[in-house]
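*Asks:* Input: one structure, supplied below.
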Amino acid sequence: SVAALRYEARAEAYAPASAARALLATMVRKRSNLCVSVDVTRAADLLAVVAAVAPHVCLVKTHIDIVSDFSDDLVVQLQALAQQHDFLIFEDRKFADIGNTVSLQYAAGVHKIASWSHITNAHLVPGPGIIDGLAAVGEPLGRSLLLLAEMSSAGTLARGEYSRECVRAAYAHPFVCGFIAMHRVDDDEAPPAGQAKKDFLILTPGVGLDSTGDGRGQQYRTPDEVVRASGCDVIIVGRGIYGALLKEGVARADAIAEVTRQGERYRDAGWQAYEARLGA
Ligand code: 6AU
């Protein structure tokens, strides 16, 4: 399993200009396997959270369609922060339509996701045509795609044969660099006949140190369970990091300081779990 290898040893498995390779290089440089998920609805809050955790993360994940006051300037500022603090951007769009439609959703509309998001994700429900549609837009730009092979939510239907089908599709399409998954799904499925085992990145949401769920189906595990015990590569943490900003009666400056503290805490926990995995 690639889980036994150091991140730096795995970078060469990816195309030199690909986002996946750039992500691994960033993880090594910053000693961080932490992706912050910034699910806030105001542009100013989004930028404030990103600025607060930027030194500690390798990746910033957005849901750009929840930002009520979205403008092109938000993207410009996000990109400036990414440059300044050395992180990549992952728009968590969860594409789920036919190839032709997703290529339009990816390239056009208000958000023009492909123009600024290094990594995005998709469900395989429509079949492999969704990957072709996204690759037509993203591959020339050096973007990379994650397939949702598993989900963190209770009762998810993404499991078993469906998850293995995602691995098979990933072998067939070099635009896919890995998976949203809860464990090393790529170890569950042998490579296609005549093909060597490939390196895939596993990015894992549902990570929290202080809570086991959110009452709406989300299920949390610790960075140690995710990275050391389950062999995943990147922890995705949302409310565990920016939660202070949602609390009433907390002064903004205090909330932002708490966001930074939590970012550091999750970075340390994620990296410790990775080193423990290598040492095992
Ligand atoms: O840490 P949280 O629970 O505040 O946020 C988790 C983030 C949210 C979800 O939309 C996303 O991770 N997510 C995903 C992704 C990243 O694709 C898949 C999944 O199975 N569960 C999940 O929570 O932004």
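Nothing in this text is a laboratory measurement; each read-out follows from the coordinates by a stated rule. Everything numeric here is computed off the predicted structure, so don't read it as measured data. FYI the Cβ positions are ideal-geometry reconstructions off the backbone, even for glycines, and counts take in every protein chain you see.
*Asks:* Evaluate the charge dipole of segment 229-280 about its Cα centre and quote only its size in Debye, nearest 20, assuming +1 on the Cβ of each Lys and Arg and -1 on the Cβ of each Asp and Glu.
*Replies:* The calculated dipole for segment 229-280 is roughly 80 debye.
*Asks:* Count the DSSP beta bridges whose two residues both fall in the chain, then state the antiparallel fraction as a percent rounded to the nearest 5.
*Replies:* Of the beta bridges lying entirely in the chain, close to 5 percent run antiparallel.
*Asks:* Arrange the peptides 137-149, 95-107, 187-199 so that the one whose residues have, on average, the most other Cβ atoms within 10 Å appears first.
*Replies:* 137-149, 95-107, 187-199
*Asks:* Here is a follow-up. Express in whole angstrom the spacing between the alpha-carbon centres of segment 131-171 and segment 187-237.
*Replies:* Value for the Cα centre distance between the two parts: 14 Å.
*Asks:* Specify whether the C-alpha gyration tensor of segment 1-151 places it in the rounded, prolate or oblate class, a ≥ b ≥ c being the square roots of the eigenvalues: rounded for a/c under 1.5, otherwise prolate if a/b is larger than b/c and oblate if not.
*Replies:* Judged from the Cα gyration tensor, segment 1-151 comes out oblate (a/c at least 1.5, b/c at or above a/b).
*Asks:* Ok, one more. Using Cα positions and a limit of under 20 Å, work out the lysines in reach of Lys94, with same-chain residues fewer than 8 apart set aside.
*Replies:* Lys61, Lys112
*Asks:* Sticking with this structure for a sec: Kirkwood Rh, Cα Rg: Rg to Rh for the chain?
*Replies:* We get a ratio of 0.94 for the chain.
*Asks:* Could you tell me the distance between the Cα centroids of segment 74-100 and segment 1-50, to the nearest Å?
*Replies:* 12
*Asks:* Once you have a ≥ b ≥ c as the square roots of the Cα gyration tensor eigenvalues for segment 185-276, tell me rounded if a/c is under 1.5, and otherwise prolate or oblate according to whether a/b is larger than b/c.
*Replies:* Since a/c reaches 1.5 and a/b is larger than b/c, the shape of segment 185-276 is classed as prolate.
*Asks:* So, one more: Rounded to whole Hz and in sequence order, give me ³J(HN,Hα) for segment 200-209 from the Karplus expression 6.51 cos²θ - 1.76 cosθ + 1.60, θ = phi - 60°, writing x for Gly and Pro.
*Replies:* Whole-Hz 3J(HN,Hα) from phi for segment 200-209: 10, 8, 10, 9, 10, x, x, 10, x, 9.
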